[in-house]
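One structure is given below, encoded as structure tokens.
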């Protein structure tokens, strides 16, 4: 809309330190955007290996990065996310920007030694992040 | 003055609960963690270093469960989607006490043993689907190629002394023919019908009395003397359970999908399946236990 165009013209569209080609490069290949990251750990690091027998290693993964101003279909964010962004920018900066959080998880099978010495194989829900979203 | 009043209120609230352990404050209010996963995690979050020492399981039992884990989960630890059964929990118990009523090296090949299992780690939301008594052998080479075994199994609730407490134990006569294969150094006995009522009614101390008479079938090699039961070591009890708590992973199995006769009893007992009308998409990528075949 015209209002949007007008506001863009008024504000600094491109930071002074960037030229136009760099700006477009960042637009096309955004960096530090909300995405999945690996975090591999072994249960011995947590000293959990006395009760978790398998797996030895675990990658729960995590979501990190900036949420773009206009979250698109890529993140599957609801309209509320965009509204919250507008509120943060235009009305009240104490309302936080949308956060980069996991949207889907996968389960994990765990083999544990119970306190009584019995052994249990269990499948736990939501143990590995598989997709990120902005909310 | 407002500030000091506020401090007094905080101090007062702290004094009300001087005994509270730090990690206990993180526990859910209703103390429901049927999965058993959360208490250790809460302890870790509160930076509690060492918990009480755990009893070490039998190495043979541990080896078996590690093999089971490899069969059920990928290298990354994700449950394999090709599995079609409904259980999400398998528990292995070794007998807490056992009394041999007859010596093992019987010429007649009779083995009679009384076993006591403590199933305290089975939680209320875990529903028993199948239970198996599993015998392993120390020395496979001494076994015949095949054997025919008959016997009986009695199961009942045990009191603290190990004796049956309530009524007469349920008896279960059986007759099986076992083929001993090189890669399978164990035999399994389905004890579900006897154990299910006890577990369902929250009985956790189980006494089992097993009597087995085996006759040698085809000998592996010409051998003088009768079938020797000495390779038998105390059996372990395997419970296949469906944990219905929220923390447990619930795979969706279509009620309309074809199932083998062995799987049907689980479904007939009304165990976890996709609710009516639930589409595959709601069940996630691991929803289909049977991958579609390419045409």
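Observations
- Ranking of B:65, A:127 by neighbouring Cβ atoms within 10 Å, starting from the fewest: A:127, B:65.
- For peptide B:67-77, the mean count of partner chain Cβ atoms within 10 Å of a residue's Cβ comes to 5.
- Theoretical gain in end-to-end length, residue A:21 to residue A:41 [0.36 nm per residue, Cα-Cα removed]: 3.2 nm
- Förster radius 30 Å - calculated FRET efficiency between residue B:56 and residue A:131 (Cβ-Cβ, nearest 0.05): 0.15
- Partner shielding of A:100-112 amounts to 5, given as the average count of beta-carbon atoms from other chains within 10 Å of each residue beta-carbon.
- Gain upon complete extension [residue B:148, residue B:186; 0.36 nm per residue less C-alpha separation]: 12.2 nm
- Summary of packing: across the peptides B:197-208, A:99-110, the per-residue average of other C-beta atoms within 10 Å ranks them, highest first, as A:99-110, B:197-208.
- Highest mean packing first, where packing is the average number of other Cβ atoms within 10 Å per residue, the peptides A:58-65, A:91-98 line up as A:58-65, A:91-98.
- Peptide A:123-130 has a mean of 6 when you count, residue by residue, the C-beta atoms of other protein chains within 10 Å of its C-beta.
- Protection proxy ranking, peptides B:233-244, B:112-123, average beta carbon neighbours within 10 Å, highest first: B:233-244, B:112-123
Every read-out reported here was derived from the displayed coordinates using simple, explicitly stated rules and does not represent laboratory data. Predicted, not measured: the structure shown is a model, and the values here were computed from it. Backbone-built Cβ (ideal geometry, glycine too); neighbour counts: all protein chains shown.
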